[in-house]
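Peer 1: First the structure, which I've put down as structure tokens, then a few questions once you've had a look.
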Amino acid sequence: MQIATSLVPRIVRNLGPDQTMVLASVCLLRYCSPLVSNSMSLIGNSTLSRAPLSLLPMRGLQVAASSLTSNSASQLESVTPMTERWKPLCLYYTQGKCTKTDDPLHLAKFNHNCSKDLQVNAADLKCLRSQHLDYFLVLDLEGKVEILEFPVIIIDAKTLDVVDFFHRFVQPSKMSEQRVKEYIEGKYGKLGVDRVWHDTAIPFKDVLQQFETWITHHCLWERELGGTLRRAAFVTCGNWDLKTKVPQQCVVSRMKLPQYFMEWINLKDVYLNFYHRRATGMMTMMKELRIPLVGSHHLGIDDTKNISRVLQCMLVDGAVLQITARRNSSSPENVEFLFKNRIR
Ligand SMILES: [Zn+2]
């Protein structure tokens, strides 16, 4: 495990005086359907004064409330392109179900490009270390009682590009209709995505079948061979997703825990051992690395994008990722943690 030469991320240190940062609070209407409630999404946070240039959503910021610069606010207008405002992802599109891709009004309101906020400058790749894996599968589940959302983004370990993404809303299998309704309203209503959840959610079993087809298509796994992922590993923020939640959901959905969930990388453990600082969650890591929040916190696909941005930043800083937790093959209930120093 490499040790950072400094606690300040390289891409922040490289900022020039004329590289003005804009962190904008943007009011967004997530879904324009009259059936769907409006929501406020945040991009940026006034406490995050400088972000890595390479990880900022470079275009599409519509300044509504606050803007901060590394120099002075008066420079903002002259250096910040305002050609296209930031847009929330179309969550029908992310699940392969958008029927409005030829509707200019819809396209003007929603982003149909999952990698838009995940672009890294080529110049920042020069300090990348060689990795043990070719691909990272960033995963951030949502749902406390049962899993409600299953988003995965594949990041190429050499180019840091988004290879592809997989996103499904998940229908609980053991909850009454009324309970699901309340649960979804409480969880997704405030984000304005309850309608799309109801329109698209499918059972966990079906989600995993589709996920398996998808990873097979990317040559990362083969159904016939089973086993763990090939040249790739899941990256999560904490151990909860794969240590606790997926096995619980497999019991509820009456499935065997798939072999590809047997090991993972807990980004918080890598963060602790690389930067020598403890981060309790995604928001802490983002704040410390000065990465502005994109989209809605606690919407799984947006959190997955933000965790991907933390991952990209750590790779740019020279971190080498390795498996941090592995289930014992003969007794899968036992998880071995591979770092001595870890977040408990
Ligand atoms: Zn769409």
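The values are calculated or read from the model by the stated rules, or taken from the named source; none is laboratory data. The shown structure was predicted, so the numbers you read here are calculated from the model rather than taken from an experiment. A quick note on method: Cβ atoms are made from the backbone with ideal geometry, for glycine too, and the neighbour counts reach across all protein chains shown.
Peer 1: Residue by residue through segment 239-266, note down the ones that are touching a strand residue (DSSP E or B) at 6+ places or on another chain (Cβ under 6 Å) and over 20 Å from residue 143 (Cβ atoms).
Peer 2: 259, 262, 263, 265
Peer 1: Here is a further query. I'd like to check something: does segment 39-56 contain any residue that is touching a Ser or Thr at 6+ places or on another chain (Cβ under 8 Å), surrounded by fewer than 18 Cβ atoms within 10 Å (Cβ to Cβ) and either modelled with pLDDT of 50 or more or of a type in the set (Val, Ile, Thr) (or both)?
Peer 2: Scanning segment 39-56 turns up no residue that is touching a Ser or Thr at 6+ places or on another chain (Cβ under 8 Å), surrounded by fewer than 18 Cβ atoms within 10 Å (Cβ to Cβ) and either modelled with pLDDT of 50 or more or of a type in the set (Val, Ile, Thr) (or both).
Peer 1: Of all residues in segment 205-222, how many are at pLDDT below 95 and closer than 13 Å to residue 171 by Cβ? Spell out how you get there, then give the answer.
Peer 2: Taking segment 205-222 and keeping what is at pLDDT below 95, we get 222.
With the extra rule that they be closer than 13 Å to residue 171 by Cβ, the set shrinks to none.
The qualifying residues number 0.
Peer 1: Ok, one more. I'm checking my understanding of the structure. Among residues of segment 317-334 that are small (Gly, Ala, Ser) and surrounded by 17 or more Cβ atoms within 10 Å (Cβ to Cβ), which one is nearest to residue 226 (Cα to Cα)?
Peer 2: Among those residues, the one meeting the criterion is 325.
Peer 1: Against the condition more than 13 Å from the chain's Cα centre (by Cα) and hydrophobic (A, V, I, L, M, F, W, C), how does residue 289 come out, does it pass? Walk me through how you get there before you give the answer.
Peer 2: Values: more than 13 Å from the chain's Cα centre (by Cα): yes; hydrophobic (A, V, I, L, M, F, W, C): yes.
It is true that residue 289 is more than 13 Å from the chain's Cα centre (by Cα) and hydrophobic (A, V, I, L, M, F, W, C).
Peer 1: Out of the residues in segment 81-110 that are away from the ligand (no atom under 16 Å from the Cβ) and of a type in the set (D, E, K, R), state the one that is farthest from residue 149 (Cα to Cα).
Peer 2: Top of the filtered list is 84.
Peer 1: Next question, about the same structure. Restricting the first residue to segment 82-107 and requiring it to be closer than 21 Å to residue 207 by Cα and in contact (Cβ under 8 Å) with a residue 40 or more places away in the chain, which pairs with a second residue that is more than 10 Å from the ligand (Cβ to nearest atom) and of a type in the set (Phe, Trp, Tyr) meet a Cβ separation below 8 Å and a spacing of at least six or different chains?
Peer 2: Listed by first residue and then by second, the contacts come to 91/169; 94/165; 95/169.
Peer 1: Here's another thing I want to ask about it. Condition first: touching a residue at least 24 places away in the same chain (Cβ under 8 Å) and at positive phi. Can you find one or more residues in segment 234-243 that meet it?
Peer 2: Yes, segment 234-243 contains at least one residue that is touching a residue at least 24 places away in the same chain (Cβ under 8 Å) and at positive phi.
Peer 1: Another question, then. Give the residue that is nearest to residue 233 (Cα to Cα), with candidates limited to residues of segment 205-223 that are touching a residue at least 12 places away in the same chain (Cβ under 8 Å) and part of a loop (DSSP other than H, G, I, E, B).
Peer 2: Among residues in segment 205-223 that are touching a residue at least 12 places away in the same chain (Cβ under 8 Å) and part of a loop (DSSP other than H, G, I, E, B), the one nearest to residue 233 (Cα to Cα) is 220.
Peer 1: Here's a check for you: in segment 111-136, which residue that is under 18 Å from the mean Cα position of the chain (by Cα) and without any contact (Cβ under 8 Å) to a residue 60 or more places away in the chain is nearest to the ligand (Cβ to nearest atom)?
Peer 2: 112
Peer 1: I would also like to ask the following. Which of the residues belonging to segment 273-282 are farther than 20 Å from residue 303 by Cβ and in a helix (DSSP H, G or I)?
Peer 2: 273, 274, 275
Peer 1: Also, I was wondering about something else. Just one of (1) assigned to a loop (DSSP other than H, G, I, E, B); (2) surrounded by fewer than 19 Cβ atoms within 10 Å (Cβ to Cβ); (3) modelled with pLDDT of 95 or more trips up residue 340, so point out which.
Peer 2: (3)
Peer 1: Same structure, new question: Of the residues that make up segment 106-115, is at least one closer than 26 Å to residue 260 by Cα and touching a Pro at 6+ places or on another chain (Cβ under 8 Å)? Break it down stepwise before answering.
Peer 2: Initial filter on segment 106-115 (closer than 26 Å to residue 260 by Cα): 114-115.
Within this subset, residues satisfying the condition of being touching a Pro at 6+ places or on another chain (Cβ under 8 Å) are none.
Scanning segment 106-115 turns up no residue that is closer than 26 Å to residue 260 by Cα and touching a Pro at 6+ places or on another chain (Cβ under 8 Å).
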